[in-house]
Structure formats: structure tokens, C-alpha cells
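Read the structure below first, then the notes.
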Amino acid sequence: MSVRLRPLGLAIVIGLSVTGPDLRADDKPVAESRAAPRFVGVRRGPEKDKTLAKEGGTLATEKAVEAGLDWLARHQNDDGGWDADGFASRCAKPGTACDGVGKGQHGEAMPCPFDAAISALATLAFLGAGHGPWVEGDKYGPAVEKALARLGSGGGDMWSQALSTQALAEAEVMEARYRYLAGAKRGAERLLAARETDGAWAYAGGFRAGSDVPFVGLVVPALVAARDVGVEWPAALPAEVDRWLSTLESEKGRLAYLKDGRAFGYTPTTANGLTAAAIREWLTTGREGERHKAHMGLARADPPDWSISFKEIAVRGQGKVKVQIGHLSLYEWWYATMATFQAGGETWRNWFARLASALVPHQRTDGCARGSWDPLGTYERQTGGRVFATALCVQMLETPYRHRRLSGN
């Protein structure tokens, strides 16, 4: 397999006029080089292999990445997206379909409303391993091209806008042929324009005041990736996001969903604490503060362990409800993996070693489900399903080379 080497493109700023999405590097000469990416990592070739070994990756983790991408490719829709609750229609043999479908936002027995966002996550998994139509002979090239075309067409909710912007920006960095520049730039501009008065972003700002941690956790890496194709931020953005995070209730590293979260039924959670840790690492701000240290402490105190069981408890007004016992949460691990990688050092080495020992042995090896991971954690089981779980696991195992450390450590 060979890579079609291309020049790195033009230095881009917000106001640059971009020709249509079908412009190829062969059609227009490159006048000047784009600055080297600060975030998107080297995902192919000898440099990737060196980085993989240096950061704790192994042949086993790479085989797991490949198997996970194979499952995602086999369950992709013809339109380039993924259907969180309908992917079983892509299974090869009737009667052996994969289980683990996505459900409603809070586990309701209804179609999963997050197909666009989950499709972007799956696309990021392919990009994370260096796949794309710009790689000569890449067996996943056509799948990635269809997926990117779907993301670039717009649509979807706010979650998908952030994730799609990140995917298009990363694709543009990797291909450097202008095809994805307009979409990445447009998405970043929308995100920057959507900032709340508190300095961050709100998924549901139209009916609930104040920014929320999960949505900010998707917007920030999208903007960091977009910076690699020339999108500029307001200089005060990192400090303002840090200041907003500091207004949220924190308890032993756990963090509230939004300001005054208890008024909306939200108590501080580990997931939000880990998300805040990743946000500050990406923005390289506030990392010496006690709050950040407490958030990072959550990852050090509770490394990945594939251990889970369930029991039924009585809940007023709901009867008996099945609740999870154990610490398996791919969603939490995903943010902890990104945060600890940016932090580097012993924190990262210990985390990734435990992560690999948790994920690799539990990847499915049987039937049509081979290469996927069972959606057992609360959010994966109740909402995202098997496509979501597998996309997260693949991205986590790609972490040694998927991105660069923004602090330079």
C-alpha cells in the first residue's frame, strides 16, 4: 500500500475563500505551505510506528483497532452513516444478527436519536488510524469518503455538528487538498458563534440557561482540530472556558453537568469530572489548579477494569430498576484516555496499560459481532449501543498516535 503524497496546502484564516469541495491538489498549485499540525498526529508510516511503541501501543492493540474498523465497515449504511438501532440489517446472515442496539436518550425503547453524532464518532475512528480516500489502495478509503461526504452535507443536532467539524478538520489535515476545508471552517465558525455569555457552550441553551460540560467536551476538540487548518480563536477563549468550569459544583473530583445543576436534577458525576480534565488539557489552561488535579485524580484512582454486574433496586414511582454495579464505562474511559494522554508521564503509561488489558481481551471474536465491543456500560447500554461502544474503543486504542500532546511533553 502506498500513500499519494501531497503538499500541505495553504495557510488558512477564517476569511479565506474556498473553491468547491471537489477541488483537487492537482487542479490548483499550492502557493505556500500550511503550518505543521499541532493536534492531529502522524497516523501512517514509520513515524506512527515509533510513536505507537513509545506510547505503549502493541501489536495486540493494533490488531484490535483493525478488527474494530472491520466491524464498523461491515455495518455502515450505503449513505455513509451508521444506524445505532438499525445496524443489524447489515449483518451477513439472518438469525445471527448482532445485538446491542441504541435506544432513546435516557434508555427509552425508541429509535436512537443520535445517529448523526455516532456516525461522526465512527468516522473519527477510521481517521484515527490514518484511513481515507487519499491513501492509494486503502480498503477503507471508499467507506471514509462516503462518511465524510455525509458529514459535510450538514444536518443533525448540535452534538453531531461538533463531532462532524472535528472529523472534517482532521480529514483536511490528512489529505491537504482543500476538499474538506470549507466544511471544517463552516462548522468551526458556527461553534464559535454559538458561545454562551458564560464563555462556553450549551447543548440546550435555548430552554435551559448556562453551558454544559458534555457539550463543551465535544466542542473544544473540534476547535482544537480546526486550528490545524487555520481557524483562529478569540485569545481569551481558554481562560473564559476555564473560568466557567470553575463555577460548577465539584465534589472529590466529580463535577456538575451545568451551573446550579441540582435545580435540574443533576448531581456531580465522574464523567463530567473526567470531561473537564480533558477540556483543560486540550486548552492547556488551568492545569495547575486544585480542581484539575482532583479531576485527573479520578483516572488515577479508578483505572479501567472490565468488571460489571447488575442488581434490581426499588425506585419510587418506577418500581424495580436494574442498576449497574462495577466500574465499566466506555464513555468515561474515553475522556479519561484523552485527558491522561495529554497529561503524559506515568499517569498516561499506567492508564493505557490498564486500558489495553481491559479492552483487548473483551473484543468479540465470534460471528458477525467479531471486532466489536459489547455495550455494557450504562450510557453505551442504554443509549449509544454497539456502534457507539465500538467507535469509542477503537479511538481509545488509537490514542498513542491519534493526536499530539499540545503541551509538547
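The values are calculated or read from the model by the stated rules, or taken from the named source; none is laboratory data. Just so you know, these numbers come straight off a predicted model, no measurement behind them. Using ideal geometry, Cβ is built from the backbone for each residue, glycine included, and neighbour counts are taken over all protein chains shown. Side chains included, ligands, DNA and RNA excluded: accessible areas come from the protein's heavy atoms. Shrake-Rupley method; radii C 1.70, N 1.55, O 1.52, S 1.80 Å.
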| task | Could you check which residue among SER372, SER246, SER307 shows the biggest mean-square fluctuation in a GNM of the chain with a 10 Å Cα cutoff? | result | SER307
| note | Long-range amide H partners of ASP212, meaning residues 5 or more apart or on another chain whose placed amide H is closer than 5 Å, are TRP201, ALA202, TYR203
| query | Hey, got the Cα dimensions of the range 196-251 along the principal axes, in Å, largest first? | reply | 34, 22, 20
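Arrange the peptides 125-134, 155-164, 282-291 so that the one whose residues have, on average, the most other Cβ atoms within 10 Å appears first. Write down the numbers at each step before the final one.
Working: 125-134: 23.2, 155-164: 21.4, 282-291: 16.1.
In descending order of packing, they fall as 125-134, 155-164, 282-291.
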| message | Between the range 38-61 and the range 182-234, what is the separation of their alpha carbon centroids in Å? | response | 29
| Mind listing the phi-derived Karplus ³J(HN,Hα) values for the range 97-114, rounded to whole Hz, using 6.51, -1.76 and 1.60 with θ = phi - 60°, and x for any glycine or proline? | 5, 5, 9, x, 6, x, 10, x, 4, 10, x, 5, 6, 8, x, 5, x, 10
| Listed residues LEU72, LEU124, LEU328, most fluctuating in the chain (Gaussian network, C-alpha, under 10 Å) | LEU328
| remark: Karplus-derived 3J(HN,Hα) from phi for the range 223-229 (6.51 cos²θ - 1.76 cosθ + 1.60, θ = phi - 60°), whole Hz, x at Gly and Pro, runs 6, 5, 5, 5, 4, 5, 10
| request: Over the Cα atoms of the range 134-278, compute the convex hull volume and normalise it per residue, giving Å³. | output: 120
| query | Near THR269, within a Cβ-to-Cβ distance under 10 Å, what is the net charge of the other residues, with Lys and Arg +1 and Asp and Glu -1? | reply | -1
| field | Mean Cα-pair separation over length for the range 228-359, i.e. relative contact order, pairs under 8 Å, 6 or more apart, % | value | 22
| task | Report ³J(HN,Hα) in whole Hz for each residue of the range 372-385, in order, from the Karplus equation J = 6.51 cos²θ - 1.76 cosθ + 1.60 where θ = phi - 60°; Gly and Pro get x. | result | 9, 10, 5, x, 9, x, 3, 5, 5, 6, 7, 10, x, x
| For the chain, what is the charge dipole size about the Cα centre, in debye to the nearest 20, if Lys and Arg each add +1 at the Cβ and Asp and Glu each add -1 at the Cβ? | 400
| query | Assigning unit charges at the beta carbon (Lys, Arg +1; Asp, Glu -1) and nothing else, what dipole magnitude in debye, to the nearest 20, does the range 280-363 show about its Cα centre? | reply | 260
| Span from the the range 288-361 Cα centroid across to the the range 94-118 one, whole angstrom | 23
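Seen from all sides and averaged, what is the projected area of the convex hull of the Cα atoms in the chain, in nm²?
On the way: hull surface 79.4 nm².
Averaging across all directions leaves 19.9 nm² for the Cα convex hull.
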| VAL323: net charge of surrounding residues, Cβ under 13 Å, Lys/Arg +1, Asp/Glu -1, itself excluded? | +3
| field | Sequence-distant residues sharing a close amide H with HIS403 (under 5 Å, placed H) | value | GLY41
| query | Stokes-Einstein at 25 °C, 0.890 mPa s, Kirkwood radius from Cα pairs: D for the range 61-122 in µm² s⁻¹? | reply | 196
| message | Could you put LYS54, LYS322 in order of accessible surface area, largest first, with the 1.4 Å probe and the full protein assembly present? | response | LYS54, LYS322
| task | For ARG254, enumerate residues with amide H under 5 Å from its amide H, sequence gap 5+ or separate chain, H modeled in the peptide plane. | result | none
| note | Largest fluctuation, VAL144, VAL315, VAL42 only, Gaussian network model of the chain with Cα springs under 10 angstrom, belongs to VAL315
| message | Can you tell me how the range 57-166 classifies by the Cα gyration tensor, rounded, prolate or oblate, using a/c under 1.5 as the rounded cut? | response | oblate
| remark: At 25 °C in a medium of viscosity 0.890 mPa s, the range 256-409 has a Stokes-Einstein diffusion coefficient, with Rh taken as the Kirkwood radius over alpha carbon pairs, in µm² per second, of 147
| task | Report the dimensions of the range 213-316 along its three principal axes from the alpha-carbon atoms, largest first, rounded to Å. | result | 53, 33, 25
